[in-house]
Number of protein chains: 2
Amino acid sequence: MNERVYNFSAGPSMMPLPVLEKARDQFLLYPGAGCSVMEMSHRTPSFERILQSAKDTLRRIMEIPENYEILFIQGGATTQFSMAAMNLASQGDTFCYVQTGQFATKAKEEGDRWGNALYLASSKAATYSYIPKVSEIPQETRFLHITGNNTIYGTCYNDLDAYLPSEVISATGAPSPIPLVADWSSAILGKWIDVEKYGLIYAGAQKNMGPAGMAVVIIRKDLLEKEADPVVPIMLRYSVAAKHDSMYNTPPTFSIYMAGLMFEWVEQQGGVRRMEEINRRKAGLLYEFLEGSSLFHSPVNPADRSIMNVTFTLPSSELTDAFLAKTKAAGMINLKGHRSVGGCRASIYNGMPMEGVEKLVELMKDFEKKA
Amino acid sequence: MNERVYNFSAGPSMMPLPVLEKARDQFLLYPGAGCSVMEMSHRTPSFERILQSAKDTLRRIMEIPENYEILFIQGGATTQFSMAAMNLASQGDTFCYVQTGQFATKAKEEGDRWGNALYLASSKAATYSYIPKVSEIPQETRFLHITGNNTIYGTCYNDLDAYLPSEVISATGAPSPIPLVADWSSAILGKWIDVEKYGLIYAGAQKNMGPAGMAVVIIRKDLLEKEADPVVPIMLRYSVAAKHDSMYNTPPTFSIYMAGLMFEWVEQQGGVRRMEEINRRKAGLLYEFLEGSSLFHSPVNPADRSIMNVTFTLPSSELTDAFLAKTKAAGMINLKGHRSVGGCRASIYNGMPMEGVEKLVELMKDFEKKA
């Protein structure tokens, strides 16, 4: 493969070409800095502007209110599984989870290390093919954690109110009694998120925000006031990251720069609501075809389908392998489903152009005809 | 500054031009992958080869024995301050530190969160201008932690045996009773390190190993056998990182790729011993000038001088500012000393060519003549 292909990887994933081109053109020399972004001291005005600009742009495109802090934290979403519990709860406290997939399960397992972590609902018995409803929540719970978009299974919280009790959903100026914590790794910037409903949102960068190795955290400022237990490492404290503007130690400077370019690109496209429109059309092409197909099948409850990760199956592993071979030969890669579930998955984040999805649907139609 | 300058930053720092050029040329399309390294799924053969090759090259250039594991871990050296304690000791255990500067102090502070962390020696009263000797160590200590090269103060452990008791220094096939743990962030690959003397070596990447946001960890395999306390987050467990070949979660793929290019470049230069020779000559130019100068002064005990970070002072803050303005005008940046100590500092890692140091010494001579 000596030219760029359509890359349906679940993450790290396809990035918009103009973003990559800009970063390439500035790779040896960032304007005015005398060096690459990678070589830049994080204590210079050049880098401080990069950081501030990335935060400002993200605040605009997500319409993040001023009472929320934006943090860039190393370690991906998995580190956030631990940080959410270690910062919002004291050791031994009760906090709750909804089991909607593998990452939701891992989040709860990290909670188990810290306190009394409970599942309030689960769709595990149905291979996570739907989003289960939570009707009641223990009053002493420190937070409720959800996985907004489930990358492996292709499900998504398309409507919070229908699935969660009112005690966890905040309104403007009225924080809910129990903060809602959400891992939006695989849909952030690809789907509109109403930040004010949450106490804490986090997302690994490697889907819609640049290179892997960093998470973006959006946290309501009142949640920073709780002093974490003394045993919590300094790098795992939200309050320390906030106090030092994500620079307690040397931050992942190049990742922040790349995220900033991704944010600018989203703004140039018309913002997150516009991205969602485009992504709905992309996903719509696939789901519409799947609905009418007698060969391909979507295992996901229609109301809970993700517009970022479209999962589908074929009747046999032979047909699946044959189909995947065809896609690869046609310049479409990484369509294999997650190793834990098999089947196929098309991850169609912001960086995947409409033409990539059109080409995939054409190939599916053609494959069905010949099968 | 619209051309590349000599960047004396302490980190992130100057990188070799051929490394940057290669990364730029592959930025949109990694050979055979159909996408950028940044967009590559970490579960593909392309990325697995990048990771394996980086590890293999590092093992060759540092001559890392097979009974040591190489890990790439997110979070920089500060995360290692916590991980060293949380993995090598149980909560409440005793472990020891040598206080040779700000980062050594921070390492011990993270130890304080976990157990009975003790200083065995300190040069704080002398503004860390020398490496203090440790003569005795409590037998129950779980490890002794040192900061190999002190970036801010320009000191270095140039000889372990002269400063540390024999109980902490291992020999081939004979692990010491107490493991030696060292933060070699600012000298790794720039100075020869005899890995077999240590139980654990770690280093933030952003000096000699690429972009900020990652640490390289070299750990003797028997130290992975201890099960960390249940409360330790999964991302902070060496045994988990080792079991999953640094891919328990999505690793910082682009950082690992860049580190691999840096390792290859060191190998092409003739290896780490050769880099040390070159760096000795670079540092020698500066120290020789400082010895003979009546205006510039090295505050560091001669035997403990770093070849990576050369600190020096001028008689007044006015002269310091005037000198720094001259360097900047001459295309040499980031020569200001760390904000906690003032003065000047030339960080001359592997990426700084000899000509940069020659140019700096010329300017110092000229400045002295005119002062």
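Worth pointing out:
- Among (1) within 21 Å of the chain's Cα centre (by Cα); (2) more than 25 Å from B:Val240 (Cβ to Cβ); (3) of a type in the set (D, E, K, R), the one test that B:Glu136 misses: (1)
- Listed by first and then second residue, the pairs linking a residue in the stretch B:308-333 that is under 23 Å from A:Gly32 (Cβ atoms) to a residue that is assigned to a helix (DSSP H, G or I) and open to solvent by less than 20 Å² (accessible area, probe 1.4 Å), with Cβ atoms under 6 Å apart and 6 or more places separating them unless they lie on different chains, are B:Met332/B:Leu360.
- Test: residue in the stretch A:160-167 that is hydroxyl-bearing (Ser, Thr, Tyr), out of contact with any helix residue (DSSP H, G or I) (no Cβ under 7 Å at 6 or more places or on another chain) and under 11 Å from A:Arg220 (Cα atoms): no
- Within the stretch B:188-197, restricting attention to residues that are touching a helix residue (DSSP H, G or I) at 6+ places or on another chain (Cβ under 9 Å), part of a loop (DSSP other than H, G, I, E, B) and closer than 18 Å to B:Tyr68 by Cβ, the residue that is most open to solvent (accessible area, probe 1.4 Å) is B:Trp192.
- Residue within the stretch B:323-337 that is away from chain A (no Cβ under 14 Å) and within 23 Å of B:Ile278 (Cα to Cα) present: no
- Considering only residues in the stretch B:277-297 that are over 17 Å from B:Met14 (Cα atoms) and in contact (Cβ under 8 Å) with a residue 40 or more places away in the chain, the one that is most open to solvent (accessible area, probe 1.4 Å) turns out to be B:Arg281.
- Total residues in the stretch A:4-41, condition without any contact (Cβ under 8 Å) to a residue 24 or more places away in the chain, in a loop (DSSP other than H, G, I, E, B) and not aromatic (Phe, Trp, Tyr): 11
- Residue, least open to solvent (accessible area, probe 1.4 Å), within the stretch B:241-261, restricted to residues that are more than 23 Å from the chain's Cα centre (by Cα) and more than 22 Å from A:Met209 (Cα to Cα): B:His244
- Residue in the stretch A:93-104 that is within 14 Å of chain B (Cβ to nearest Cβ), of a type outside the set (Asp, Glu) and either within 28 Å of A:Ala212 (Cβ to Cβ) or in a loop (DSSP other than H, G, I, E, B) (or both) present: yes
- Where A:Thr44 falls short, out of the listed (1) without any contact (Cβ under 8 Å) to a residue 24 or more places away in the chain; (2) touching a strand residue (DSSP E or B) at 6+ places or on another chain (Cβ under 7 Å); (3) within 14 Å of chain B (Cβ to nearest Cβ): (2)
- Residue list for the stretch B:247-287, restricted to those being in contact with a helix residue (DSSP H, G or I) (Cβ under 7 Å, 6 or more places away or on another chain) and within 12 Å of another protein chain (Cβ to nearest Cβ): B:Tyr248, B:Asn249, B:Thr250, B:Thr253, B:Phe254, B:Ile256, B:Tyr257, B:Met258, B:Ala259, B:Leu261, B:Met262
Residue by residue, here is whether (1) under 21 Å from B:Ser82 (Cβ atoms); (2) assigned to a loop (DSSP other than H, G, I, E, B) holds:
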site: A:Asn208; (1), (2): no, yes
site: A:Leu223; (1), (2): no, no
site: A:Glu227; (1), (2): yes, yes
site: A:Gly260; (1), (2): no, no
site: A:Glu264; (1), (2): no, no
site: A:Glu267; (1), (2): no, no
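- Residue within the stretch B:140-153 that is open to solvent by 10 Å² or more (accessible area, probe 1.4 Å) and without any contact (Cβ under 8 Å) to a residue 40 or more places away in the chain present: no
- Residues in the stretch B:168-187 that are in contact (Cβ under 8 Å) with a residue 40 or more places away in the chain and in a strand (DSSP E or B) were compared, and the one that is farthest from the chain's Cα centre (by Cα) is B:Val181.
- Every residue from the stretch B:298-316 that is open to solvent by 70 Å² or more (accessible area, probe 1.4 Å) and either hydrophobic (A, V, I, L, M, F, W, C) or part of a helix (DSSP H, G or I) (or both): B:Pro302
- Residue in the stretch B:258-275 that is at positive phi and at pLDDT 95 or above present: yes
- As for the stretch B:231-240, it holds no residue that is open to solvent by 10 Å² or more (accessible area, probe 1.4 Å), part of a helix (DSSP H, G or I), in contact with a strand residue (DSSP E or B) (Cβ under 6 Å, 6 or more places away or on another chain) and within 14 Å of another protein chain (Cβ to nearest Cβ).
- Residues of the stretch B:96-139 satisfying the condition of being open to solvent by less than 40 Å² (accessible area, probe 1.4 Å) and either at pLDDT below 95 or β-branched (Val, Ile, Thr) (or both): B:Val98, B:Thr100, B:Thr105, B:Ile131, B:Val134, B:Ile137
- Residue that is nearest to B:Ile219 (Cα to Cα), among those in the stretch B:15-64 that are among the β-branched types (Val, Ile, Thr) and open to solvent by less than 20 Å² (accessible area, probe 1.4 Å): B:Ile64
The values are calculated or read from the model by the stated rules, or taken from the named source; none is laboratory data. This one's a predicted model, so the numbers in the text were calculated from it and none came from an experiment. Cβ atoms come from the backbone with ideal geometry, glycine included; neighbour counts cover every protein chain shown. Remember, those area values only see protein heavy atoms, side chains included, never the ligands or the DNA or RNA. Shrake-Rupley method; radii C 1.70, N 1.55, O 1.52, S 1.80 Å.
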